[in-house]
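Visitor: If you scroll down you'll find the structure; I have some questions about it.
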Amino acid sequence: MTSSTKPSECAAAFSAALLERGVEDERIVIVINDSAETHFATEFATRFPERVFDVGIAEQNMVGVAAGLTNAGRVPFVHSASCFLTARAMEQIKADVAYANANVALCGFVSGLAYGALGGTHHSTEDLAWMRAIPNLRVMAPATANDSAAAARALAAHEGPAFVRVISKTLVPEIFPREHEFVLDRALTVREGSEVTLIGTGLGTTRLLGAAEILTAAGIEARVVHMGTVSPIDAEAVASAAAETGRIVVAEDHVVSGGLGGAVAEAVVQSQPVPMLLLGVPDSFAPIGPAEWLHEHFGLTAERLAERITEWLG
Amino acid sequence: MTTTDLPQHAREVRRLALTTVHRASAGHAAADMSAADILTTLYWDFLEVDPERPADPERDRFVCSKSHASAALYSVLSTRGFLPEQELDSFGQPGSRLCLAVSCRLPGVEMSTGALGHGLPFAVGAALGARLAGSSRRTVVLTGDGELQEGSNWEAVMFAATRGLDNLILVVDRNRVQKGASTEEINALEPLEEKFRAFGWAVRDVDGHDTAALSESLAAAPFAPGRPSCLLAETVKGKGVSFMENDLSWHSGRMSEEQFQQALGELEA
């Protein structure tokens with residue numbers, strides 16, 4: 001499946017693909033809370049200044065304005081730091097977007113631990129849990145630059161409320177071709193294996209793929225599944241993984257409660273219960289340090305994941 | 001349509017709303033009475049909306065952020081033909097379209113409200129969308145006054161002024177009370193007019209139970225070129241029903257059959 005291992009910027013790829021769609025589809029607008037540069041909206045704003053609404057530092061108004069723009073037939077993409085978007089505007093996301101079935105794409109940039117030493121106020125390691133608790137809200141987390149671009153195209157083509165967790169600042173290896181398609185609500189097996197299934201989303205996917213390559217050297221053949229859509233989860237793919245490999249590992253740059261691990265576990269216990277290992281940020285706020293150091297600290301690098309998985313498999 | 005008919009329409013809206021909340025033993029009758037004249041004037045005199053084409057892209061947009069007045073809104077919508085009067089019987093009943101909080105399940109309702117402080121930001125988005133489309137349609141939002149304690153409103157108030165949205169009208173049902181006490185005791189809104197002016201809005205004050213004055217004020221919008229308009233409608237919570245007027249216990253109180261008959265009688269007086 002590997003087409004290139006050159007690390008690339010997911011947020012830039014997402015935004016470039018959105019701009020391409022924006023050229024074709026003038027319904028697409030961006031609503032943003034300042035920081036256009038951080039969230040890669042400057043090029044769209046240069047090309048289509050009248051289609052970018054910068055509400056300033058006001059997340060509740062940002063999501064409300066986006067919902068109001070759908071009333072006029074527009075297709076708003078809300079660009080914001082995931083931590084502020086999901087927490088500050090959660091009631092607007094629930095009521096004005098999901099309950100109202102408004103066609104708004106909520107794009108959470110700089111997700112997970114990407115803000116690094118800015119600390120716990122800026123880390124977004126609860127967003128998947130919060131967002132996937134909301135009914136009628138599709139929750140997505142693309143894994144690479146090409147996957148992020150494909151997710152932007154899929155969102156532009158699809159009607160309905162969605163939250164997409166975008167990887168920013170952390171470079172990830174590319175494992176998909178440029179023409180890759182993001183199939184909504186479907187898991188994607190990115191590596192075959194029969195002894196254990198490693199399930200990731202967003203940043204976790206390529207980290208687990210790296211771990212699987214280390215495991216194969218130790219004689220363990222791990223399947224790797226990219227769960228690009230966390231809600232609704234592809235329960236069939238989870239059940240197949242449980243039935244065919246007997247053990248499941250989930251790793252995510254998110255708290256271990258309520259995120260992808262929780263979503264997979266809910267599917268597993270209702271189909272084919274198997275032992276699971278849930279890796280991520282434990283029930284704590286992160287210490288101070290850059291994102292790469294935090295990933296190391298929480299054991300979310302390929303090497304550390306491989307160690308922990310090997311130990312667990314015994 | 002002439003404004004001389006408006007008091008009669010407002011009486012009918014009050015009668016329907018009281019009947020609806022009494023029959024359902026649910027809802028907020030005092031809020032309905034507070035907003036009845038505003039809603040009647042909007043729907044019978046101001047808004048360009050058509051029950052035959054509730055999704056007409058060029059319709060005026062009305063957002064009822066004052067969701068507690070749902071029975072009054074549904075009542076005025078029924079008088080305008082958006083739903084059969086009979087359907088008011090289903091208010092809050094199993095499987096109904098008529099949620100106790102205003103719901104956009106009903107054609108002609110732009111937005112589901114109930115969580116306070118959501119209507120104005122939505123209306124700002126709708127007004128921006130109208131401008132982007134080059135449309136002259138207007139967006140009107142009705143909020144309660146206690147609701148203005150929600151900070152999200154002030155985010156939207158600033159932004160509407162920044163964008164010079166003179167196609168946007170905010171009507172505040174200024175009855176000066178909220179559930180627990182007067183707005184001024186709990187978290188003071190005054191000086192409200194000065195606040196809106198300081199935030200860049202054009203403001204007018206009106207008797208919110210004088211339909212002719214409401215009509216005249218709405219027709220004057222935008223109150224200043226390039227500015228959003230705020231109409232502070234001075235109202236009485238429970239207006240028209242003597243035992244409800246300004247009595248906090250009627251926020252979500254239930255009428256006895258005797259009280260209900262008395263209330264209907266007072267409307268006819």
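No lab work stands behind these numbers, since they all come straight from the coordinates. None of the values given here were measured: they were computed from a predicted structure. Quick reminder, even Gly has a Cβ in these numbers, built from the backbone with ideal geometry, and neighbours come from all protein chains shown.
Visitor: Please give the number of the condition A:Pro177 fails out of (1) within 30 Å of A:Ile220 (Cα to Cα); (2) touching a residue at least 60 places away in the same chain (Cβ under 8 Å); (3) in contact with a strand residue (DSSP E or B) (Cβ under 9 Å, 6 or more places away or on another chain).
Guide: Of (1) within 30 Å of A:Ile220 (Cα to Cα); (2) touching a residue at least 60 places away in the same chain (Cβ under 8 Å); (3) in contact with a strand residue (DSSP E or B) (Cβ under 9 Å, 6 or more places away or on another chain), only one is false for A:Pro177: (3).
Visitor: Considering A:Gly202, A:Gly246, which residue is over 26 Å from A:Leu137 (Cα atoms) and out of contact with any helix residue (DSSP H, G or I) (no Cβ under 7 Å at 6 or more places or on another chain)?
Guide: Residue meeting the stated conditions: A:Gly246.
Visitor: Oh, and also: For region A:4-11, indicate whether the set of residues that are hydrophobic (A, V, I, L, M, F, W, C), over 21 Å from A:Pro135 (Cα atoms) and in contact (Cβ under 8 Å) with a residue 12 or more places away in the chain is non-empty.
Guide: So far as region A:4-11 goes, yes, one or more of its residues are hydrophobic (A, V, I, L, M, F, W, C), over 21 Å from A:Pro135 (Cα atoms) and in contact (Cβ under 8 Å) with a residue 12 or more places away in the chain.
Visitor: Return the residues of region A:37-81 that are of a type outside the set (Gly, Ala, Ser), touching a residue at least 40 places away in the same chain (Cβ under 8 Å) and within 9 Å of another protein chain (Cβ to nearest Cβ); say none if nothing qualifies.
Guide: A:Val63, A:Leu69, A:Arg74, A:Pro76 - these are the residues of region A:37-81 that are of a type outside the set (Gly, Ala, Ser), touching a residue at least 40 places away in the same chain (Cβ under 8 Å) and within 9 Å of another protein chain (Cβ to nearest Cβ).
Visitor: Here's a follow-up. Does region B:57-87 hold any residues that are surrounded by fewer than 24 Cβ atoms within 10 Å (Cβ to Cβ) and more than 14 Å from every other protein chain (Cβ to nearest Cβ), and which are they?
Guide: B:Ser78, B:Thr79, B:Arg80, B:Gly81, B:Phe82, B:Leu83, B:Pro84, B:Glu85, B:Gln86, B:Glu87 - these are the residues of region B:57-87 that are surrounded by fewer than 24 Cβ atoms within 10 Å (Cβ to Cβ) and more than 14 Å from every other protein chain (Cβ to nearest Cβ).
Visitor: Same structure, new question: Out of all the residues in region B:153-174, which are at the interface with chain A (Cβ under 9 Å from one of its Cβ atoms) and either touching a Pro at 6+ places or on another chain (Cβ under 6 Å) or in a strand (DSSP E or B) (or both)?
Guide: Of everything in region B:153-174, just one residue is at the interface with chain A (Cβ under 9 Å from one of its Cβ atoms) and either touching a Pro at 6+ places or on another chain (Cβ under 6 Å) or in a strand (DSSP E or B) (or both), namely B:Ala156.
Visitor: If you don't mind, there's one more thing I want to ask. Among the residues of region B:106-125 satisfying the criterion of being outside any loop (DSSP other than H, G, I, E, B), facing chain A (nearest Cβ under 7 Å) and in contact with a strand residue (DSSP E or B) (Cβ under 7 Å, 6 or more places away or on another chain), which is surrounded by the most Cβ atoms within 10 Å (Cβ to Cβ)?
Guide: B:Phe122
Visitor: For region A:22-33, what are the residues that are surrounded by 18 or more Cβ atoms within 10 Å (Cβ to Cβ) and either part of a strand (DSSP E or B) or away from every other protein chain (no Cβ under 12 Å) (or both)?
Guide: A:Gly22, A:Ile28, A:Val29, A:Ile30, A:Val31, A:Ile32, listed by residue number.
Visitor: Identify all residues within region A:94-122 that are β-branched (Val, Ile, Thr), within 11 Å of chain B (Cβ to nearest Cβ) and in contact (Cβ under 8 Å) with a residue 60 or more places away in the chain; write none if there are none.
Guide: A:Val97
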